[in-house]
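Take a look at the structure below.
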Amino acid sequence: MKRDVIEINEEKCNGCGNCIPGCPEGALQVIDGKVRLVADYLCDGLGACVGECPQDALKVVKKEVEEYDERKVIENIMKHGINTVKAHMKHLRDHGQSEYIKIAEQFLKENNIKFDEESPAAAPARHHGSGGCPGSRMIDNTNRKNTASADGISAPSELRQWPVQLHLVSPAAPYFNGADVVLAADCVAFAMGSFHKDFLKGKALAIACPKLDSDLDVYVEKITAMVEQAKINTLTVVRMQVPCCGGLVQIAKTAVEKASRKVPIKAVTVSLEGDVLEEQWI
């Protein structure tokens, strides 16, 4: 049959696997250094993975392929755990796929599988253990509790997610939903010893370097998606005092200006010695 399905440009694809967390159906895997569509019937053609590719290697096309099979999709992802099923069901509901939802619910009922769909699905990308770059697999430890260090001196980490690099994070990740987000220059955490305590505690994180990173337009698109789709609460941009780092603030401003909703932006400038020089809402 002729229908929408994902097409992968192998020349552009670098095998990073960043698209894989955006495919709850498990239709994508990294094989021989490239992302592959492992089965047509697993791809729903909704394109949730397209925006996650930093190389613009994915697109939705209409062509003759095997019909999408919701029952096979559920059967395929069940082995990856209940959180994968939750992520898939949420994906269907977000896209208004009522018929697929009925099929999925019937399959789960037949197999006596029950779960609380209202509870957050943890780490939807962990189920792709055999495919994708390990460095880009999504981990959500939002509810992890810090414990005091044995020596009473070491400071606990306030990081509650993975990945953190802006090219690798997905705006659809659960830890961005309604969150206060910190967008930090790569060097900030090394210059500032109290970064975790002062800025990261209780917040979601993305890091970037406006001077050395490529495809900065992707950064703008991702932050815009955080504002519009994840409905983040605030955005704090923490930059170094060097002039080139000011580009990070501009990226944030441009992204928020493009969004249909607005969020407050706080700009923080950190000295090379790790002191806060300036802090203001813009």
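Where a number appears in this text, it was derived from the coordinates with a stated rule and is not lab data. Because the structure is a prediction, the values reported are computed rather than measured. For neighbour counting, all protein chains shown are included, and Cβ atoms are generated from backbone atoms with ideal geometry for every residue, glycine included.
Tally Lys and Arg at +1 and Asp and Glu at -1 over the other residues with C-beta under 12 Å from the C-beta of L183: what net charge comes out?
Numbers: positive: K203, K222, R239, K253, K266; negative: D180, D186.
Result for the local shell: +3.
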Distance between the C-alpha centers of the range 174-194 and the range 1-30? Whole Å please. 29
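Working out 0.36 nm times the residue gap between N141 and S98, then minus their Cα-Cα distance, what length gain in nm do you get to one decimal?
On the way: separation 43, 0.36 × 43 = 15.48 nm, distance 3.08 nm.
Roughly 12.4 nm would be gained on extension.
For every helix of n ≥ 4 consecutive DSSP H residues, a contribution of -39,500 (n - 2.57) applies; sum these over the chain, divide by its total residues, and give [θ] at 222 nm rounded to the nearest 500 deg cm²/dmol. Walk me through the intermediate numbers first.
Numbers: 6 runs with 65 residues, N = 282.
The per-residue figure over the chain is -7000 deg cm²/dmol.
Answer rounded, prolate or oblate for the range 2-110, using the Cα gyration tensor with square roots of eigenvalues a ≥ b ≥ c: rounded when a/c is under 1.5, else prolate when a/b is larger than b/c, else oblate.
Judged from the Cα gyration tensor, the range 2-110 comes out prolate (a/c at least 1.5, a/b above b/c).
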Taking the chain as the reference, fit the longest principal axis to its C-alpha atoms, fit the long axis of helix 82-94 to the helix C-alpha atoms, and give the angle between the two in degrees, 0 to 90, nearest 10. 90
Taking the Cα-to-Cβ direction at I282 and at T234 and moving 7 Å from each Cα, how far apart do the two end points lie in nm? 1.6
Rounded to 10°, Cα long-axis angle of helix 98-110 versus longest principal axis of the chain: 80
Using all C-alpha to C-alpha distances in the range 140-228, build P(r) with 5 Å bins and read off the rounded percent in each one. 3, 13, 23, 23, 18, 12, 5, 3, 1
Spin-label model distance (nm) - N112 vs K63, 7 Å beyond Cα toward Cβ: 4.4
For L205, residues with placed amide H under 5 Å, excluding near neighbours: V182
Just list whichever of K62/K102; K12/K222; K72/K102; K62/K258; K145/K197; K211/K253 have alpha carbons separated by over 22 Å in the model shown. K62/K102; K62/K258
Antiparallel DSSP beta bridges within the chain, as percent of all bridges there, nearest 5: 50
At a threshold of 8 angstrom on Cα-Cα distance, excluding pairs fewer than six apart, so keeping six or more, what relative contact order does the chain reach in percent? 14
Candidates [x] 87, 43, 41; [y] 61, 44, 38; [z] 63, 49, 33; which is the computed Cα extents along the principal axes in Å? [y]
Cut-off 15 Å, label point 7 angstrom out along Cα-to-Cβ of I82: give me the residues of the range 93-113 whose amide nitrogen falls inside. 108-109, 111-113
The helix 246-258 Cα axis meets the longest alpha-carbon principal axis of the chain at an angle in degrees, between 0 and 90 and rounded to 10, of 50
